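Single-structure report; data block below.
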Amino acid sequence: MRSTVVRTAAAALSALALLLAPATAHAAAPDETVVMPVREALAALPVQDEDRTGYTRDKFRHWIDADRDGRNTRNEVLLEEAVTAPEQGARCQLSGGSWYSPYDDTYFTGTRALDIDHLVPLAGAWDSGASSWTAKERETYANDLGDARALIAVSAASNRSKADQDPATWQPPAAGYRCTYATDWVAMKTRWGVAIDHAEQTALTSVLDECPNAPIEVTLAR
């Protein structure tokens, strides 16, 4: 009788433990939308050393016309971000219009003074995990119109100053934009599931410690 009571009690305790145990978090999946404070998102990013072995820019095909509407990715971004809409001529040649470059807090007219910046540079993505992606995944990354933070129209001068640097070695000259820049950087690393290195983590932490711990909403790309 006593052994039966003990077995019954043990079974009850086991069942109770299962009920009280926290649910195991499910792994996030592509196209899932996640929302979390930016500092929490930064803490969740994997940290590893960068590796540029084998990188060439042509491994990220761009600018493409993904929806075949006659406008390539560069022009899609220019049209989306125009402060004053440009005129569209044959083959989507853009003329007139004006744009704001948040990196250097400057307005521009005409497209020649503008570059389309990959917020997280192609080389930086390669260093942080994209070297293992398929060619199609890298093409999608290089032409990412699914999140307005991925590609940004900025002055050619600021974009070329930035080149392939990350926040450890380059920050926007416009100091008032640095919180947005760091927050968007974390969002894009989260979106594409790529790592940060230790210097990048330190720089982002330093910037974000001085910024609101704003929630970021990200639809995962992979």
Can you tell me how much longer the chain between Asp105 and Ala199 gets when fully stretched, taken as 0.36 nm per residue apart minus their C-alpha distance, in nm with one decimal? 31.2 nm
Given only helices, namely DSSP H runs of n ≥ 4 each adding -39500 (n - 2.57), what is the per-residue ellipticity at 222 nm of the chain, to the nearest 500 deg cm²/dmol? -11000 deg cm²/dmol
Quick one: dipole size for the range 34-150, taken about the Cα centre, charges +1 on Lys/Arg Cβ and -1 on Asp/Glu Cβ, in debye to the nearest 20. 340
Difference of contour (0.36 nm per residue) and Cα-Cα distance, Asp51 to Arg222: 59.5 nm
Hull surface over four for the Cα convex hull of the chain, reported in nm², is 17.0
Förster radius 35 Å - calculated FRET efficiency between Glu40 and Ala175 (Cβ-Cβ, nearest 0.05): 0.90
What is the extension gain from Leu79 to Gln165, computed as 0.36 nm multiplied by their sequence separation minus the C-alpha to C-alpha distance, in nm to one decimal? 28.3 nm
When the accessible area of the chain is split by element with a 1.4 Å probe, what percent falls to carbon and sulfur? 53
In whole angstrom, note down how far apart the Cα centers of the range 157-207 and the range 33-51 are. 13
When only Cα pairs under 8 Å and 6 or more residues apart are kept, what is the percent relative contact order across the range 88-190? 33
Under the definition of Cα pairs under 8 Å and six or more residues apart, what whole-number percent is the relative contact order of the chain? 30
For the residue pair Ser206 and Gln93, what label-to-label distance in nm results when each label sits 7 Å from Cα along the Cα-to-beta-carbon direction? 4.7
Toy charge model, Lys and Arg Cβ at +1, Asp and Glu Cβ at -1: the range 105-222 dipole around Cα centroid in debye, rounded to 20, equals 260
Which residues make up the longest stretch of the chain that has no GluC sites (Glu not before Pro) in a DSSP loop with at most 14 other Cβ atoms within 10 Å? 33-209
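The values are calculated or read from the model by the stated rules, or taken from the named source; none is laboratory data. All values derive from a computational prediction rather than experimental measurement. So basically every Cβ, Gly included, is an ideal-geometry build from the backbone, and we count neighbours across all protein chains shown. The area values use the complete protein model at the heavy-atom level, side chains included, leaving out ligands, DNA and RNA. Shrake-Rupley method; radii C 1.70, N 1.55, O 1.52, S 1.80 Å.
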